Amino acid sequence: MSKFDLAIVIPFLNESENIDRLLRALDSSLENIPEKVQVIFVDDGSQDNSVELLCAYKPKAYSRKIVKLSKNFGSHAAIRAGLLNSDADYSTFLAADLQEDPLSAIQFYRVCVSKDVDILMLYRKTYNTSIFVKIFSAIYTFLLRILVSKDFPNKNISNFFICNKVVKVLNQNIIRNSSIFLQIYFLGFKKEFLPYEQSVRAAGKSKWTFSMKLKLLIDSLISFSYVPLRMITVIGFLLFFLGFAYIVIILISALTNPVIQSGWPTLMSILLMGFGFTNIALGITSEYLWRILDNSKQSPVFLIDDIY
């Protein structure tokens with residue numbers, strides 16, 4: 001038996017503007033519930049006084065643990081560190097900006113227990129963000145369904161999840177340069193999808209930059225699919241046969257009309273297309289090779305500096 005019913009992992013980076021609001025929301029949401037809750041704050045290399053604010057506050061409705069990482073490793077690594085230190089039967093993740101209501105985590109936990117599901121994944125009924133982020137999210141889901149798995153749900157899946165014994169499986173195989181949410185999804189087990197309302201960020205600025213989103217997209221496609229490599233082979237054969245057919249056309253034209261001359265635009269088109277495809281192929285192959293090298297070094301995905 002675990003010490004707690006539910007562990008809530010909250011990674012943060014320079015969230016001093018949100019800390020007070022976050023702590024008050026946690027206490028007010030968790031004070032009148034029968035479940036034993038553990039909240040694990042993971043400091044992902046903050047440079048402000050977020051950790052000091054957390055240490056100064058005395059929670060009333062939950063047990064607190066603060067995991068301080070040695071530097072910024074990224075949100076997925078921080079979630080990993082929190083799950084590794086979970087002492088509960090079920091674990092979940094909430095953002096420090098409170099776009100997910102802590103009380104909803106309890107409600108969804110009860111759904112997991114009542115329906116005996118191993119993984120509960122949430123999708124947004126409404127997405128309170130910019131049109132650019134919505135477009136990027138739609139492209140991300142579309143590419144996952146095309147290149148990774150056609151069974152991936154065509155919904156606005158969020159990072160909000162609740163799982164039980166799956167955490168032990170994840171802790172046995174901590175993978176670098178990957179999406180923890182896709183790892184959870186593709187583990188199998190009994191899962192269910194439910195909608196929820198996402199709130200608007202009240203204070204501070206999101207640290208989830210475009211470069212991080214782009215890296216997540218590349219990590220997701222390369223870690224869970226061989227299709228990019230297969231596409232290189234298919235396109236390579238296609239270009240070869242197109243080139244061979246073009247050579248045949250040139251030979252026939254030269255035999256039937258000896259005065260015809262090949263033009264500069266034709267030559268440049270062939271060179272640009274060929275070199276362009278070669279560079280794309282090298283880039284995709286290099287992404288796979290870099291990840292193989294990075295994993296072969298067996299360096300830690302995260303380093304814990306201290307635990308309070």
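Here are the numbers for this structure:
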quantity	calculated
Some residue of the stretch 13-23 being assigned to a loop (DSSP other than H, G, I, E, B), without any contact (Cβ under 8 Å) to a residue 40 or more places away in the chain, among the acidic types (Asp, Glu) and under 21 Å from residue 100 (Cα atoms)	no
Test result for residue 58, modelled with pLDDT of 85 or more, closer than 23 Å to residue 24 by Cβ and touching a strand residue (DSSP E or B) at 6+ places or on another chain (Cβ under 9 Å)	yes
Given (1) in a helix (DSSP H, G or I); (2) farther than 22 Å from residue 180 by Cα, index of the condition residue 83 fails	(2)
Selection status of residue 105, touching a strand residue (DSSP E or B) at 6+ places or on another chain (Cβ under 9 Å) and either modelled with pLDDT under 75 or in a loop (DSSP other than H, G, I, E, B) (or both)	no
Residues within the stretch 45-55 that are surrounded by 17 or more Cβ atoms within 10 Å (Cβ to Cβ) and either assigned to a strand (DSSP E or B) or of a type in the set (A, V, I, L, M, F, W, C) (or both), tallied	2
Of residues in the stretch 108-139 being modelled with pLDDT of 75 or more, in contact with a Lys or Arg (Cβ under 9 Å, 6 or more places away or on another chain) and not in a strand (DSSP E or B), the one farthest from residue 7 (Cα to Cα)	115
Selection from the stretch 154-166 of residues that are at pLDDT 80 or above and β-branched (Val, Ile, Thr)	162
Residues located in the stretch 61-77, provided they are at pLDDT below 85 and either within 16 Å of residue 308 (Cα to Cα) or in contact with a strand residue (DSSP E or B) (Cβ under 7 Å, 6 or more places away or on another chain) (or both)	75
Search result, residues across the stretch 61-97 that are crowded, with 20+ Cβ neighbours inside 10 Å and among the aliphatic types (A, V, I, L, M)	67, 69, 77, 78, 79, 81, 83, 88, 94, 95, 96
Residue check for residue 42: in contact with a helix residue (DSSP H, G or I) (Cβ under 6 Å, 6 or more places away or on another chain), over 23 Å from residue 110 (Cβ atoms) and among the β-branched types (Val, Ile, Thr)	yes
Test: residue in the stretch 30-44 that is surrounded by fewer than 21 Cβ atoms within 10 Å (Cβ to Cβ) and either under 24 Å from the mean Cα position of the chain (by Cα) or assigned to a helix (DSSP H, G or I) (or both)	no
Among (1) modelled with pLDDT under 70; (2) not in a helix (DSSP H, G or I) - the single one residue 151 does not satisfy	(1)
Search result, residues across the stretch 175-228 that are part of a loop (DSSP other than H, G, I, E, B), modelled with pLDDT of 70 or more and within 10 Å of the chain's Cα centre (by Cα)	178, 179
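One line per residue, one yes/no per condition, for (1) in contact with a Gly (Cβ under 7 Å, 6 or more places away or on another chain); (2) under 19 Å from residue 81 (Cβ atoms):
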| residue | (1), (2) |
| --- | --- |
| 5 | no, no |
| 9 | yes, yes |
| 15 | yes, yes |
| 19 | no, yes |
| 27 | no, no |
| 33 | no, no |
| 41 | no, yes |
| 46 | no, yes |
| 51 | no, yes |
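The values are calculated or read from the model by the stated rules, or taken from the named source; none is laboratory data. Values in this document were obtained by computation on a predicted structure and should not be read as measured data. FYI the Cβ positions are ideal-geometry reconstructions off the backbone, even for glycines, and counts take in every protein chain you see.
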